[in-house]
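Asks: Sharing a structure with you now.
The values are calculated or read from the model by the stated rules, or taken from the named source; none is laboratory data. Just so we're clear, the structure is a prediction, and the values are computed from it rather than from any experiment. Here the Cβ positions follow ideal geometry from the backbone for every residue, glycine too, while neighbour counts run over all protein chains shown. Only protein heavy atoms, including side chains, enter the accessible area calculation; ligands, DNA and RNA are left aside. Shrake-Rupley method; radii C 1.70, N 1.55, O 1.52, S 1.80 Å.
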Amino acid sequence: KAGVTQTPRYLIKTRGQQVTLSCSPISGHRSVSWYQQTPGQGLQFLFEYFSETQRNKGNFPGRFSGRQFSNSRSEMNVSTLELGDSALYLCASSLEQGRETQYFGPGTRLLVL
Amino acid sequence: SQQGEEDPQALSIQEGENATMNCSYKTSINNLQWYRQNSGRGLVHLILIRSNEREKHSGRLRVTLDTSKKSSSLLITASRAADTASYFCATHGGGFQKLVFGTGTRLLVSP
């Protein structure tokens, strides 16, 4: 099976812009989670989607949003980008919600200038 | 904020030596997992240990869990240069709770 794919892999934006990142889970996986990784804060949970519904949300401002489509693919959007949003954004999928083991994609590295 | 704290933050050893990294967490858990990350890429799941287990092995990996001390350790035996990576513990509270990651340990294995 193909692994989790994320596009784009690298992205450069300027402050105030918005960005959309995409994640395709492993075939058959229905749960998708998003994480932000920075040197200062480490790995932080953003949100989890299952059956097109957001099931869990981390402590991030409303500028961070996401959605999941009927084919389980997911997108996350960050509006009004700030310098501090520069990070590696990781997507992970699992078979069902609540399944412990997650399978991660390679990440999208976002740089905000 | 992150739940898990790992130590050491960085570890440098020679090939063939054993590497031990520790993880402490704050609340009750259903299971604890270890992941590896190479050079800022995606994480790879290594091993999962449940709260009712005390020790688990997988190849050169040995994980212990002490729920009374809220701590876990990961031992990599006979390390190889290819083991160079960051290692993260992650706790899961069960059910539909989220996975909470620790701060990570950077392991450097020199040939």
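Asks: Give me the pairs: first residue in the stretch A:35-51 and within 18 Å of A:S86 (Cα to Cα), second residue among the charged types (D, E, K, R) and surrounded by fewer than 18 Cβ atoms within 10 Å (Cβ to Cβ), beta-carbon distance under 6 Å, and six or more apart or on different chains, which are they?
Replies: Here the result reads A:F47/A:K57, each pair linking the stretch A:35-51 to a residue that is among the charged types (D, E, K, R) and surrounded by fewer than 18 Cβ atoms within 10 Å (Cβ to Cβ).
Asks: Could you please tell me which pairs satisfy a Cβ distance under 7 Å, a separation of 6+ or placement on different chains, a first residue in the stretch B:90-111 that is under 16 Å from B:E5 (Cβ atoms) and more than 7 Å from chain A (Cβ to nearest Cβ), and a second residue that is in a loop (DSSP other than H, G, I, E, B) and aliphatic (A, V, I, L, M)?
Replies: The qualifying pairs are B:T91/B:I29.
Asks: Separate question: Collect the residues in the stretch A:69-101 that are open to solvent by less than 30 Å² (accessible area, probe 1.4 Å), more than 12 Å from chain B (Cβ to nearest Cβ) and part of a loop (DSSP other than H, G, I, E, B), keeping them in residue-number order.
Replies: Passing the criteria: A:S72, A:L81.
Asks: Quick test for you: out of B:S39, B:S86, B:S58, pick the one residue that is at positive phi, within 14 Å of chain A (Cβ to nearest Cβ) and of a type outside the set (V, I, T).
Replies: Numbers: B:S86 fails: at positive phi; B:S58 fails: at positive phi.
Residue meeting the stated conditions: B:S39.
Asks: Would the stretch B:74-83 turn up any residue that is within 14 Å of chain A (Cβ to nearest Cβ) and open to solvent by 70 Å² or more (accessible area, probe 1.4 Å)?
Replies: Of the residues in the stretch B:74-83, the ones within 14 Å of chain A (Cβ to nearest Cβ) are none.
The answer is no, given that none of the residues of the stretch B:74-83 is within 14 Å of chain A (Cβ to nearest Cβ) and open to solvent by 70 Å² or more (accessible area, probe 1.4 Å).
Asks: Please go through the stretch B:93-111 and pick out each residue that is in a loop (DSSP other than H, G, I, E, B) and over 18 Å from A:Y35 (Cα atoms). Give the derivation first.
Replies: Residues of the stretch B:93-111 in a loop (DSSP other than H, G, I, E, B): B:93-98, B:103-104, B:111.
Within the stretch B:93-111, B:G94, B:G95, B:P111 qualify.
Asks: So for the stretch B:67-78 (the condition being part of a loop (DSSP other than H, G, I, E, B) and either closer than 15 Å to B:L107 by Cα or in contact (Cβ under 8 Å) with a residue 60 or more places away in the chain (or both)), does at least one residue qualify? Explain how you work it out, then say what you get.
Replies: Of all residues in the stretch B:67-78, those part of a loop (DSSP other than H, G, I, E, B) come to B:67-70, B:77-78.
Those still in the list that are either closer than 15 Å to B:L107 by Cα or in contact (Cβ under 8 Å) with a residue 60 or more places away in the chain (or both) too: B:77-78.
Yes.
Asks: Something else: Go through the stretch A:31-68 and count every residue that is more than 13 Å from chain B (Cβ to nearest Cβ) and part of a loop (DSSP other than H, G, I, E, B). Steps first, answer last, please.
Replies: As a first pass, look at the stretch A:31-68 and keep what is more than 13 Å from chain B (Cβ to nearest Cβ): A:52, A:61-68.
Those left that are additionally part of a loop (DSSP other than H, G, I, E, B): A:52, A:61-63.
Residues in the stretch A:31-68 being more than 13 Å from chain B (Cβ to nearest Cβ) and part of a loop (DSSP other than H, G, I, E, B): 4 in total.
Asks: For the stretch A:1-44, what are the residues that are of a type in the set (S, T, Y) and open to solvent by 10 Å² or more (accessible area, probe 1.4 Å)?
Replies: We begin by selecting, within the stretch A:1-44, every residue of a type in the set (S, T, Y); these are A:5, A:7, A:10, A:14, A:20, A:22, A:24, A:27, A:31, A:33, A:35, A:38.
Matches in the stretch A:1-44: A:T5, A:T7, A:Y10, A:T14, A:T20, A:S22, A:S24, A:S27, A:T38.
Asks: Could you check B:E53 against (1) open to solvent by 10 Å² or more (accessible area, probe 1.4 Å); (2) within 22 Å of B:L11 (Cβ to Cβ) and say which number it fails?
Replies: (2)
Asks: Name every residue in the stretch B:57-73 that is surrounded by 15 or more Cβ atoms within 10 Å (Cβ to Cβ) and either under 10 Å from the mean Cα position of the chain (by Cα) or not small (G, A, S) (or both), in order of residue number.
Replies: Scanning the stretch B:57-73 gives B:L61, B:R62, B:V63, B:T64, B:L65, B:T67, B:K70, B:S72, B:S73.
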